[in-house]
Structures are given as C-alpha cells and as structure tokens.
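The values are calculated or read from the model by the stated rules, or taken from the named source; none is laboratory data. In this text, all values refer to a predicted model and were calculated from it rather than measured experimentally. Reconstructed Cβ throughout: ideal geometry from the backbone, glycine too, with neighbour counts over all protein chains shown.
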Amino acid sequence: MFQSLKETDSQTYNFIQQEQRRQREELQMIPSENYASRAVLAPLSTVLCNKYSEGYPGRRYYRGNKIIDGLEELTIDRVKKLFSSEYANVQPLSGTQANIAVYLAFLKPGDKILSMELSAGGHFSHGYAINFTGQFYQLASYGVNRGTEQLDYDEIQKIAEREQPKLIIAGASAYPRIIDFSRFAQIARSVKAFLMADIAHIAGLVAAGEHPSPVPMADVVTLTTHKTLRGPRGGVILASRKYARQLDKAVFPGGVQGGPHNHVHAAKAVCFKEAAFSQFKDYARQIIKNSQQLAADLLEKNYRLVSGGTDNHLLLIDLRNKGIDGCEASLALEKAGIIVNKNMIPFDPGTPKRPSGIRLGTPALTTRGMKEKDMEQIVGWFNEVLENIQNEKRLTQIKNEIKKYAEKFPLPGV
Ligand code: DSN
C-alpha cells in the first residue's frame, strides 16, 4: 500500500515518513496524544472508507450496508461492555462533536451550561464565549480552590444553586486530580440539572479501573478514543438506554456530521478489544506510576506543580519561580526534542498566548515502554533545557542525546 502511495504521490509519502521519524526521535509528552497499535491503524486505510452509511444499523438511508451494520454493532457492543454502559453511539467524529450532540439532545437555545473554567483546566467545547456554545446557550463556570488548586465541591454546589443550570459538565483537559463524579451527580440532582461527564482525557484510565467511572451516575458520558484509550481519532457517547433515541437523533441527522466514518468504527472496535486485555490494565497503571515519578523528580528540582502533584496521566507546571513563561519553555523544549503544551494555570496572571504554565503527560512515553527510571532521565534533560533556553548549541546536543535514547523504545504502529 505504501509502495503505491510512494509511486503516486511522493510528496504526501515524504510528509508521512518525516512525521514518523519525528514521532520516533522525540519525546511525545502532550498528555492527549498517544501511539495507536498496528492493529488499530490497519482498518483506517481500507475499503471501509468507500461506503456511505448515514443512519444506524438496520435503519440506513443507503443500501448495501449489511456488513457495515454488523461492524457498527460489534463496535457498539464492545464499548458498552468496556464501560458497562446501556447505550453507546460510536459515530461522533471527535470529542467536540460528541459534546455538541449532547447539547442538541438535552438543551434548548438559551438554556444554561455550568462547566469548568478554561484557565482552571476546562475545555473550549464545554461552553465558552469564543465557541458556538457562547452564542446559543447561557454560560456559567466553576474553578478550583485557590489554596488547594483542586475542585471545591461545596463551592460548585453553591454556584449550581445560584445559577440553576440545565446541564452541568464534569470533566477537564488539564486537571491532574481524581474527579469525584458521585459528588457531581449529587449536585446535579439537587438542582435538577442533567450531568454530562466528559472523560476524553481519562477514558483509558476509567476503562482499566484506574479512575472511578462516571457511567453509573452521570446522565451522559462523552469520550475520545485516541488519548489514554490509545485508539483512532474519534468520539463516543455513552448513556442510559432511555436517552438512546434523542442522542442518536442529535448525532445524525440533527447534528453536525453526515456519513459515519466506517473505517474509524473498525479501528475503534479494535481499540475497545485491546483495552479489555489485561495488558491494558498494566499499561494504565504504568501511565500513573510514570506520571507520579515525573512529578516527584520535578518537585525535587524545585518545579512548582499545580495542586502539588498528580493522580492521573498529566501534570501542570507553574513556571513563575523559574522566570520563564509556558510559551518560551515549550519552544525551547521542542528544539531539544521534548514536546509539551504551553498551558494556562489556575488564576494565571499571564495570557493564553503567554501562559505561566506547561502541561505534560505520560500516555505516549508509557506506550513506548518507558518506566520510572526513564522519567528521572527525562527530568534531567527537561531541567537542563529550561536552564539553557538561549544556548542553541546545548539544545541541539540534547536533541541528539534524546534521539539516541528514544531509539531503544520502538515506535508502535509501524
Ligand atoms: N486537544 C485536546 C487536548 O489536548 O486536551 C482537547 O481537545
């Protein structure tokens, strides 16, 4: 297959080769990224992408879908089993589209959403002025406690009582602690709001039993398949079966997408099978061990961690005591082959373009087989980079050292 690509379009082929090399030679520490296995990648370049199948198994708008129906049913059954959910929709093309479908299913224009502030770790699709949600819905937010930098559930209860939202969203893209979904459910029930849990980041940890699951207590759960779950890019909605009709209708035809991506459904099916293996539980446990080791080694080098540490796959570093911002730090780290995000921290005096923090995590490094002792080595390089951000020569030397080190850990999927 790649031979035909090379012959037909050498430019595209070359970009793929270059990106493959970059992923192999650098340390991928963006906590929402991972390496899918060969088995997950395989269905993505198959004839499944040739078929239109708008609708759902047994009720399609197009003929010729008997096989596609079987595939989608298999994918649905596997994800329902993995998360012990009564209902699943596997068609959302991304986590954001899964979230939008939930808003369409549960809200009317003008209803209020209560979600986590972006600077406290929330996500733009949870209701922000710059997002379409800001035009259609009223928005209210909760943050973290200034002292602990963790969710303050008593405070969220008070905000919910004051704001009377129709939908409460529990979930984040930059929160390093366990989320108490039971407490969120109590709060939502007390103000008669729906509860949506967005577990995009932690789906793999939840599937492996390494983070409490919101499925038994939330009205609806959204997730992505490509982060800690280690599948193809895409979204999923889980809920109790009583919401099946309204959620299916919101994804298609009511939502923001057309024909399902059947090749991605097949890759999702493989991902759900892999996530049920006992090796995946070991993997999820190792993600957290690596993350906590990374935290311990950073603390030892006098880095301030938001909330003091981590319970999951990611950490947030407040760089203010180092005299640099997240933008400068992430650029210098990239020059040395360490890929992280610049990120806002709670109560950040900086701006989204020049925030005070960086966000980093361990899902991808753990997939490559790295363990606690490798985290110690990585923190050594990390610290050297941030102490030498103007020293281009040293940054290049570190890049070469990392390249050599990374060679010991084969790139999955190739
Ligand atoms: N892009 C994802 C993340 O990095 O957290 C969220 O959309």
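Contact map, the range 109-134: residues that are more than 16 Å from the ligand (Cβ to nearest atom) paired with residues that are small (Gly, Ala, Ser), Cβ distance under 8 Å, separation 6+ or inter-chain. Pairs shown: Lys112/Ala140; Ile113/Gly127; Ile113/Ala140; Leu114/Ala140; Leu114/Ser141; Leu114/Ala160; Leu114/Ala193; Gly134/Gly127.
If you go through the range 73-84 one residue at a time, do you hit one that is within 30 Å of Glu210 (Cα to Cα), in contact with a Pro (Cβ under 6 Å, 6 or more places away or on another chain) and at pLDDT 95 or above? Yes; the residues of the range 73-84 include at least one that is within 30 Å of Glu210 (Cα to Cα), in contact with a Pro (Cβ under 6 Å, 6 or more places away or on another chain) and at pLDDT 95 or above. Taken over the range 106-124, the criterion of being crowded, with 23+ Cβ neighbours inside 10 Å and basic (Lys, Arg) is satisfied by no residue. Among the residues of the range 381-403, those that are exposed (fewer than 14 other Cβ atoms within 10 Å of the Cβ) and in a helix (DSSP H, G or I) comprise Glu387, Glu392, Lys393, Thr396, Asn400. Among the residues of the range 239-279, the ones that are closer than 22 Å to Leu195 by Cβ and in contact (Cβ under 8 Å) with a residue 24 or more places away in the chain come to 13 in all. Restricting attention to the range 325-350, report how many residues are in a loop (DSSP other than H, G, I, E, B) and surrounded by fewer than 18 Cβ atoms within 10 Å (Cβ to Cβ). The number of residues fulfilling the criteria is 2. When we screen Gln23, Gln91, Gln18 for residues that are outside any helix (DSSP H, G or I), modelled with pLDDT of 95 or more and either over 25 Å from the mean Cα position of the chain (by Cα) or not β-branched (Val, Ile, Thr) (or both), the only hit is Gln91. When the helices (runs of 4 or more DSSP H) confined to the range 234-307 are screened for residues that are within 22 Å of Tyr52 (Cβ to Cβ), those reaching at least 3 such residues are found at 244-251, 262-275.
Within the bounds of the range 351-371, is there any residue that is in a helix (DSSP H, G or I) and without any contact (Cβ under 8 Å) to a residue 60 or more places away in the chain? No; the residues of the range 351-371 include none that is in a helix (DSSP H, G or I) and without any contact (Cβ under 8 Å) to a residue 60 or more places away in the chain. Report whether or not Val102 is more than 14 Å from the ligand (Cβ to nearest atom) and either among the acidic types (Asp, Glu) or surrounded by 21 or more Cβ atoms within 10 Å (Cβ to Cβ) (or both). So Val102 fits the description; yes. Pairs linking a residue in the range 147-167 that is modelled with pLDDT of 95 or more to a residue that is part of a helix (DSSP H, G or I) and not hydroxyl-bearing (Ser, Thr, Tyr), with Cβ atoms under 6 Å and 6 or more positions apart or on different chains, are Glu149/Val306; Tyr153/Arg183; Ile156/Ile187; Gln157/Ile187; Ala160/Ile187; Leu167/Phe106.
If I filter the range 82-92 for residues that are under 17 Å from Ile199 (Cα atoms) and within 16 Å of the ligand (Cβ to nearest atom), do I get at least one hit? Scanning the range 82-92 turns up at least one residue that is under 17 Å from Ile199 (Cα atoms) and within 16 Å of the ligand (Cβ to nearest atom). Being more than 16 Å from the ligand (Cβ to nearest atom) and of a type in the set (A, V, I, L, M) is the filter; apply it to the range 4-35 and report the residue that is nearest to Ile358 (Cα to Cα). For the range 4-35, the residue satisfying everything is Leu27.
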